[in-house]
Amino acid sequence: MIPLRLNILFFVIFILFSVLILRLGIVQIVQGDTYKRQLEETDNVTVSKNVPRGVIFDRNYNLLVGNTAVKTITYTRSEKTKTSEILQVAKKLDKMIKVEPEKLTERDLQDYWILTHEKESLKRLSAKEQNLDSSAMYKKQVEDVTKKDLADLSVDDKRIATIYKKND
């Protein structure tokens with residue numbers, strides 16, 4: 001009598017595991033692309049609600065620490081976001097918000113110049129240099145950016161480069 005009950009129990013467990021494996025297969029194989037697409041979608045959420053934090057008073061109820069509302073913009077990029085897309089976002093943000101150009105390094109400006117003058121940067125490379133792997137070719141592009149190129153960047157370019165650097 002006990003072996004029959006044990007066999008029934010094992011059979012029920014086998015059926016439950018089979019159902020679980022089947023369900024996992026359906027979720028991964030059949031519906032996997034849908035879930036992957038949903039994961040890669042971006043959402044723009046505007047929150048304009050002041051969230052008060054704690055205030056601190058001294059023993060005479062004089063305010064020591066208060067609150068000041070500050071608006072922020074948060075940009076989260078996916079792994080597949082291209083640098084050209086980040087530049088487009090920086091240009092759009094430059095029209096919407098005021099950003100003071102920060103002290104950018106020469107390399108930051110070189111990267112920005114290459115991104116905004118891609119065709120000209122590629123023309124400066126020899127045929128041999130254009131056949132290098134991407135990192136070596138980019139290194140050569142950086143070396144080919146002149147001081148005059150960087151001096152020709154406008155204040156607007158430097159503002160956009162500042163936004164781009166913060167998003168990169």
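When the helices (runs of 4 or more DSSP H) confined to the range 105-168 are screened for residues that are in contact with a Ser or Thr (Cβ under 8 Å, 6 or more places away or on another chain) and over 25 Å from Glu79 (Cβ atoms), those reaching at least 1 such residues are found at 106-116, 134-144, 155-167. Hey, any hits in the range 52-59 for a residue that's part of a loop (DSSP other than H, G, I, E, B), within 30 Å of Tyr112 (Cα to Cα) and free of Cβ contacts under 8 Å to residues at least 40 places away in the same chain? No, the range 52-59 contains no residue that is part of a loop (DSSP other than H, G, I, E, B), within 30 Å of Tyr112 (Cα to Cα) and free of Cβ contacts under 8 Å to residues at least 40 places away in the same chain.
Checking the conditions here, which among Lys82, Lys95, Lys91 is in the same structural domain as Leu150 (by TED's automatic domain parsing), out of contact with any Lys or Arg (no Cβ under 9 Å at 6 or more places or on another chain), under 21 Å from Tyr164 (Cα atoms) and surrounded by 12 or more Cβ atoms within 10 Å (Cβ to Cβ)? Write out each step before concluding.
On the way: Lys82 fails: surrounded by 12 or more Cβ atoms within 10 Å (Cβ to Cβ); Lys95 fails: surrounded by 12 or more Cβ atoms within 10 Å (Cβ to Cβ).
One residue alone meets the criteria, Lys91.
When we screen Ser48, Ser18 for residues that are among the polar types (S, T, N, Q) and surrounded by 10 or more Cβ atoms within 10 Å (Cβ to Cβ), the only hit is Ser18.
Is there a residue in the range 67-77 that is modelled with pLDDT of 80 or more, among the hydroxyl-bearing types (Ser, Thr, Tyr) and part of a loop (DSSP other than H, G, I, E, B)? No, the range 67-77 contains no residue that is modelled with pLDDT of 80 or more, among the hydroxyl-bearing types (Ser, Thr, Tyr) and part of a loop (DSSP other than H, G, I, E, B).
Looking only at the range 134-161, which residues are among the acidic types (Asp, Glu) and either surrounded by 14 or more Cβ atoms within 10 Å (Cβ to Cβ) or over 26 Å from the mean Cα position of the chain (by Cα) (or both)?
Just the residues of the range 134-161 that are among the acidic types (Asp, Glu), to begin with: 143-144, 149, 152, 156-157.
Those that are among the acidic types (Asp, Glu) and either surrounded by 14 or more Cβ atoms within 10 Å (Cβ to Cβ) or over 26 Å from the mean Cα position of the chain (by Cα) (or both): Glu143, Asp144, Asp149, Asp152, Asp157.
Among the candidates Thr146, Thr162, single out the residue that is touching a Leu at 6+ places or on another chain (Cβ under 7 Å) and either among the polar types (S, T, N, Q) or not assigned by TED's automatic domain parsing to the domain that holds Lys91 (or both).
Values: Thr146 fails: touching a Leu at 6+ places or on another chain (Cβ under 7 Å).
Within the list Thr146, Thr162, the selection yields Thr162.
Which of the following residues is assigned to a helix (DSSP H, G or I) and free of Cβ contacts under 8 Å to residues at least 60 places away in the same chain: Leu20, Leu93, Leu87, Leu64?
Numbers: Leu93 fails: free of Cβ contacts under 8 Å to residues at least 60 places away in the same chain; Leu87 fails: free of Cβ contacts under 8 Å to residues at least 60 places away in the same chain; Leu64 fails: assigned to a helix (DSSP H, G or I).
Selected residue: Leu20, the only one of Leu20, Leu93, Leu87, Leu64 that is assigned to a helix (DSSP H, G or I) and free of Cβ contacts under 8 Å to residues at least 60 places away in the same chain.
The values are calculated or read from the model by the stated rules, or taken from the named source; none is laboratory data. Note that this is a predicted model, so its numbers are computed, not measured. No Cβ is skipped: glycine too gets one built from the backbone with ideal geometry, and neighbour counts run over all protein chains shown.
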